[in-house]
1. Can you tell me how many residues within the stretch 8-24 are surrounded by 13 or more Cβ atoms within 10 Å (Cβ to Cβ) and farther than 12 Å from residue 76 by Cβ?
2. Scanning the stretch 33-50 for residues that are within 23 Å of residue 79 (Cα to Cα) and surrounded by 15 or more Cβ atoms within 10 Å (Cβ to Cβ), which turns out modelled with the lowest pLDDT?
3. Restricting the search to the stretch 153-166, which residues are touching a residue at least 60 places away in the same chain (Cβ under 8 Å), more than 8 Å from the chain's Cα centre (by Cα) and in a helix (DSSP H, G or I)?
4. Kindly indicate the residue of the stretch 101-121 that is without any contact (Cβ under 8 Å) to a residue 60 or more places away in the chain and not in a helix (DSSP H, G or I) and also surrounded by the most Cβ atoms within 10 Å (Cβ to Cβ) among those meeting that condition.
5. Failed condition for residue 232, given (1) more than 30 Å from residue 97 (Cβ to Cβ); (2) over 19 Å from the mean Cα position of the chain (by Cα); (3) in a loop (DSSP other than H, G, I, E, B), with all others met?
6. So residue 185 clears everything in (1) farther than 27 Å from residue 131 by Cα; (2) under 13 Å from the mean Cα position of the chain (by Cα) except one condition, right? Which one?
7. Of all residues in the stretch 80-96, count the ones that are over 14 Å from residue 225 (Cβ atoms) and either without any contact (Cβ under 8 Å) to a residue 24 or more places away in the chain or within 8 Å of the chain's Cα centre (by Cα) (or both).
């Protein structure tokens, strides 16, 4: 089991570096350009732009908190949720489609051990990507010119806000694992997971604009993460527990679904292979 875990983690090292360094470069750029934009943004009301209304509430866009929240902590969770969906649906359903899952199941491991090993490797890979991003942000933050108005934000605040993305993207990672174990194919699982990502992100932001949608806010995962709020008041442990609890719930359902799955058949769990009668043979 441990050897399989190491194999799963090694197979993701390129993605960890690629996604980590790529998004870190994006974060570094956002942080470094803030001093050049700060003066020009004074008095600018981002809420007047309809596109940004759909992206969330960023407070004072001219402040460092508002700027990095709007330009960095809005897009990083979406980008990594996309990676979580790609990797999550590829972990079980993708390997089944490629024909590599059945040989793995011949190992002396229970099905739950196989799922747990792969899920743990995916969770660690996502966390390591965030660590790489955090390192880049700290480097950029410390390189800002002296006298830059940061509104009390310190490097550790950026690290906390970045690492706090992990529980959020784990919701989509475990959801993707569940859909991959439940649905007939990876393509269908990835399509549904992507629809859920888009619907929950836009739906959460629409609750700020449409009063009658406000009652739906608790069902959206993005309701429990806000880079702006973390930079202003710190990490909310209640929100963290909700996201982690949701991930655990999806993971348990994944174990149940994969235990019932007829691997390589490409069917729904309630469908069973039909044994032909003698007359049909």
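The values are calculated or read from the model by the stated rules, or taken from the named source; none is laboratory data. Remember, it's a predicted structure, so these values are computed and weren't measured experimentally. In this analysis, Cβ positions are derived from the backbone assuming ideal geometry, glycine residues included, and neighbour counts consider all displayed protein chains.
1. Total satisfying the criteria: 8.
2. 46
3. Across the stretch 153-166, the qualifying residues are 157, 158, 160, 161, 162.
4. Restricting to residues being without any contact (Cβ under 8 Å) to a residue 60 or more places away in the chain and not in a helix (DSSP H, G or I), the top hit is 110.
5. Among (1) more than 30 Å from residue 97 (Cβ to Cβ); (2) over 19 Å from the mean Cα position of the chain (by Cα); (3) in a loop (DSSP other than H, G, I, E, B), residue 232 violates only (3).
6. Residue 185 satisfies every listed condition except (2).
7. Summing the residues that are over 14 Å from residue 225 (Cβ atoms) and either without any contact (Cβ under 8 Å) to a residue 24 or more places away in the chain or within 8 Å of the chain's Cα centre (by Cα) (or both) in the stretch 80-96 gives 4.
Residue-wise test of (1) at pLDDT 95 or above; (2) loosely packed, with under 15 Cβ neighbours inside 10 Å; (3) more than 18 Å from residue 183 (Cα to Cα); (4) touching a helix residue (DSSP H, G or I) at 6+ places or on another chain (Cβ under 8 Å).
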| site | (1), (2), (3), (4) |
| --- | --- |
| 221 | yes, no, yes, yes |
| 226 | no, no, yes, yes |
| 237 | no, yes, yes, no |
| 264 | no, yes, no, yes |
| 278 | no, yes, yes, no |
